[in-house]
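Quick notes on the structure that follows.
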Amino acid sequence: MWDPSHSFCKTSMSSLTNKRILLGVTGGIAAYKSAELIRRLQDRGADVRVVMTRAATEFITPLTLQALSGHPVHQDLLNAETESVMGHIELARWADLILIAPASANFIARLAQGHGDDLLTTLCLASESPIAVAPAMNQAMWANEATQENVAALASKHVRIFGPDEGLQACGEVGAGRLLDVDGIVLLTEKVFPSHLLDGKKVVITAGPTREAIDPVRYISNNSSGKQGYALAEAAIEAGAQVVLISGPTGLPAPDRSRRVDVVSADEMFDAVMKEVGDADIFIGVAAVADYKPVHREEQKIKKGDAPSNQVLRIDLIENPDIISGVGHLAGRPYTVGFAAETQNVVEYARKKLTKKNLDMVVANDVSDTSIGFNSDDNRITVLWADREVELPKLSKRNVATRIIELIAQGLREAGRS
Ligand code: C5P
């Protein structure tokens, strides 16, 4: 049963639940971030064991990583003590994934060459599980032809490359080579293990703004970027769903393996949704649909001087159809999820929406905070159902999307509709 007091992050629905991750830590200043990475992987349900190279121990102590992982840290190939706990071949077999973060240029070179002269490279050679590396190094080292060739060689052997990021580096230089942020590494790690949470489900998602024409060249619209809706489409695809993305105008590319239906106005979006939703299992209305549209669309461009003599040009507006409410009130409706972007009393207004639009779940966020919401890359949300609610920490929109999909899958299951 759902326990609202349970920390959301410790949800049992992640694709990392019970996955055994061997975290390899190599020598670089970013090694300190592995401490946080262990915690975040554990939050997602993973069992983490740590292997450190000798150089890594110069940057962070094995004791720290042992305390965090709850297991002895393996360092040497031929250490009688750790070998007696779990031998290196056993450890290689134990891992569902070997994740090396941070991966130094030296380690990447040795892995690409197939070396087996220390514990971590030997484990990589001995394991038949997927391997992922998250490079972290000075930008010139990353750009170096030798490193690039090594990375390409690893990629051709199906080693996953997570990052690196660009930006200010510990050495003061700016460029590509920074370790990907911990959130990003966790997200890519989850992608290694498809969750199958929505296998075979048809999911219809609306995203982006709508445009309501005033004349042939002008329209009323809003600042919606479509990022959250597109991120949800990707997360649903990764969970095994068949996704139809009904999108207003955005500059975003259609996610692979989705079917996108492009629309402009709210009326067009309404029609497209009604056409698709009949056999859908889930409907997610993320679009920022314009509430009003001009009563008349002028045939010709409105010109300066077209205003009547009192100089006031009036555009009369009428309400658009409420798409999600239309879906919510359909007989035999899909599991229906709405969004509530509010600037005050966020949860209270969201709960009203849940009832009024007859939804199963509402995702609420506070758009008065400019570090989240419209056009930003991050979001902090509260998810509401008729009988409970849960608040999530601030996360990237991509991460938020994965969490929402997990909660939808859980909601479906509890409603006996999965
Ligand atoms: O009422 P409000 O516009 O704040 O509700 C937001 C939710 O309703 C979002 O999920 C949005 O996609 C949906 N909506 C809709 N059709 C409208 C207005 C909003 O589907 N005309």
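The values are calculated or read from the model by the stated rules, or taken from the named source; none is laboratory data. These figures come from a predicted structure and were not determined experimentally. Cβ sites come from the backbone with ideal geometry, for glycine too, and all protein chains shown count toward neighbours.
Among the strands (runs of 3 or more DSSP E) lying completely within the range 130-202, list those that include at least 3 residues that are surrounded by 21 or more Cβ atoms within 10 Å (Cβ to Cβ).
Hits in the range 130-202: 131-135.
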**Asked** more than 9 Å from the ligand (Cβ to nearest atom), at pLDDT 95 or above, closer than 18 Å to Met269 by Cβ and among the charged types (D, E, K, R), is that true of Arg333?
**Response** yes
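Filter the range 61-83 down to the residues that are in a loop (DSSP other than H, G, I, E, B) and either at pLDDT 95 or above or of a type outside the set (A, V, I, L, M, F, W, C) (or both) and list them by number.
Quick first cut of the range 61-83, residues in a loop (DSSP other than H, G, I, E, B) only: 61, 70-73, 75-79.
Thr61, Gly70, His71, Pro72, Gln75, Asp76, Asn79, listed by residue number.
Can you find a residue that is outside the structural domain of Arg333 (by TED's automatic domain parsing) and either within 16 Å of the ligand (Cβ to nearest atom) or touching a Lys or Arg at 6+ places or on another chain (Cβ under 8 Å) (or both) anywhere in the range 232-243? Write out each step before concluding.
Going residue by residue through the range 232-243, those that are outside the structural domain of Arg333 (by TED's automatic domain parsing) are none.
Checked the range 232-243: no residue is outside the structural domain of Arg333 (by TED's automatic domain parsing) and either within 16 Å of the ligand (Cβ to nearest atom) or touching a Lys or Arg at 6+ places or on another chain (Cβ under 8 Å) (or both).
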**Asked** Looking at the range 121-140, which of its residues are within 24 Å of Val186 (Cα to Cα) and out of contact with any helix residue (DSSP H, G or I) (no Cβ under 7 Å at 6 or more places or on another chain)?
**Response** Leu125, Glu128, Ser129, Asn138, Gln139
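Table: residues versus (1) crowded, with 21+ Cβ neighbours inside 10 Å; (2) more than 16 Å from the ligand (Cβ to nearest atom); (3) without any contact (Cβ under 8 Å) to a residue 12 or more places away in the chain.
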position: Gly248; (1), (2), (3): yes, no, no
position: Asp262; (1), (2), (3): no, yes, no
position: Lys303; (1), (2), (3): no, yes, yes
position: Arg314; (1), (2), (3): no, yes, yes
position: Pro321; (1), (2), (3): no, no, no
position: Gln344; (1), (2), (3): no, no, no
**Fill in**
Considering residues that are assigned to a helix (DSSP H, G or I) and either surrounded by 21 or more Cβ atoms within 10 Å (Cβ to Cβ) or within 9 Å of the ligand (Cβ to nearest atom) (or both), the number found within the range 355-371 is 1
**Request:** Report, by residue number, each residue of the range 98-110 that is in contact with a helix residue (DSSP H, G or I) (Cβ under 6 Å, 6 or more places away or on another chain) and either assigned to a helix (DSSP H, G or I) or acidic (Asp, Glu) (or both).
**Result:** Ala105, Ile108, Ala109, Arg110
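Listed here are the residues, each with its yes/no results for (1) more than 15 Å from the ligand (Cβ to nearest atom); (2) more than 18 Å from Ala280 (Cα to Cα); (3) assigned by TED's automatic domain parsing to the domain that holds Val133.
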site	(1), (2), (3)
Val159	yes, yes, yes
Asp165	yes, yes, yes
Asp183	yes, yes, yes
Pro209	no, yes, no
Tyr219	yes, yes, no
